[in-house]
Amino acid sequence: MSWPFLIPLILQIGPWPGGSTVSALPQEMRDREALEQQKQAAEASGQELNLRQQCLQLARTSPVAGQQQAESWLAIATGTQKAEAGHCLGFALSQQGQWSAAERAFSAARIEADPMDRPYRARLAAMAGNAALADGDAAGALILFNAAEADARSGGDASQLADIATDRARALVVAGRIDEATQSLATARATDPANARTWLLSATLSRRTERLGDAQQQIEQAARLDPANPEVGLEAGVIAVLTGRDDAARKSWQSVIAIAPDSAEASVARDYIAQLDGAQ
């Protein structure tokens, strides 16, 4: 059995934050902004993009210019437009890795948002929580995720509730509260069973806590929901090798390379395959 040779590398991977700081914009923040812009563009039916969409798109391609536009907009905005300007400012700051400033911008935007727009308030609180977590402040992130959950419950959006429960689990892992993180992920899966990210993170946590049977079931579900996600293929291979299924592990990692050959996951997959081949 070859897997002991891989353990030093395997223990380093997975989508959970592994330390007190995070150097890149969290994937969930990038994904949610992209999905939100796509949704709003579809709803606009060819009309001109609104100011928030324009600002977010600029912040995505040129974060410094996006920050400048957001600050100029915030200086003249009134009413709930202050929330939209602050939202863009927080995203632009996040793109630059200015996590503490981003958290403050998102939190301030939530205060300015329409009190009746609970889903938007929840989204801003969740983004503030992600920024705090990226800044290494797990305790602060948990406070913000709790606020996001309260708003989301009033809004009644199951998908949003599941996302927030998953975010909360990430913060609980960083805080060392593993049992609570496990329960938060179980809540997220029950709330929105179609959320592939939740199943992936569940599999990673189960693997790290040596519940390999659960990990296998969870990664299989993640793969059914999101078969083209290289993170899923990478984690599936790790779980396979830890259960002595080296051939299955190799196939999973080869699929990662085929799906996204230039990705960071593909680079890790190549290293794992080399380790696996060298250990035999």
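Under 6 Å between Cβ atoms, at least 6 apart or on separate chains: pull out the pairs that start in the range 252-280 with a residue that is at pLDDT below 95 and end on any residue that is of a type in the set (Ser, Thr, Tyr).
276/2; 279/2; 280/2
Can you tell me which residues in the range 89-109 are of a type in the set (Phe, Trp, Tyr) and under 13 Å from residue 135 (Cβ atoms)? Give the derivation first.
Our first condition is that a residue be of a type in the set (Phe, Trp, Tyr); within the range 89-109, this holds for 91, 99, 106.
Hits for the range 89-109 are 99, 106.
Would you pick out the residues in the range 134-174 that are in contact with a Phe, Trp or Tyr (Cβ under 7 Å, 6 or more places away or on another chain) and not in a helix (DSSP H, G or I)?
135 - this is the single residue of the range 134-174 that is in contact with a Phe, Trp or Tyr (Cβ under 7 Å, 6 or more places away or on another chain) and not in a helix (DSSP H, G or I).
Inspect the range 160-170 for any residue being out of contact with any strand residue (DSSP E or B) (no Cβ under 7 Å at 6 or more places or on another chain), surrounded by fewer than 23 Cβ atoms within 10 Å (Cβ to Cβ) and among the charged types (D, E, K, R) and give the result as yes or no.
Among the residues of the range 160-170, not one is out of contact with any strand residue (DSSP E or B) (no Cβ under 7 Å at 6 or more places or on another chain), surrounded by fewer than 23 Cβ atoms within 10 Å (Cβ to Cβ) and among the charged types (D, E, K, R), which makes the answer no.
For residue 70, all conditions in the list (1) of a type outside the set (S, T, N, Q); (2) buried (at least 21 other Cβ atoms within 10 Å of the Cβ); (3) at pLDDT below 95 hold save one; what is the number of the exception?
Just one mismatch for residue 70, condition (3).
The values are calculated or read from the model by the stated rules, or taken from the named source; none is laboratory data. Since this is a predicted model, take the numbers as computed values, not measurements. In this analysis, Cβ positions are derived from the backbone assuming ideal geometry, glycine residues included, and neighbour counts consider all displayed protein chains.
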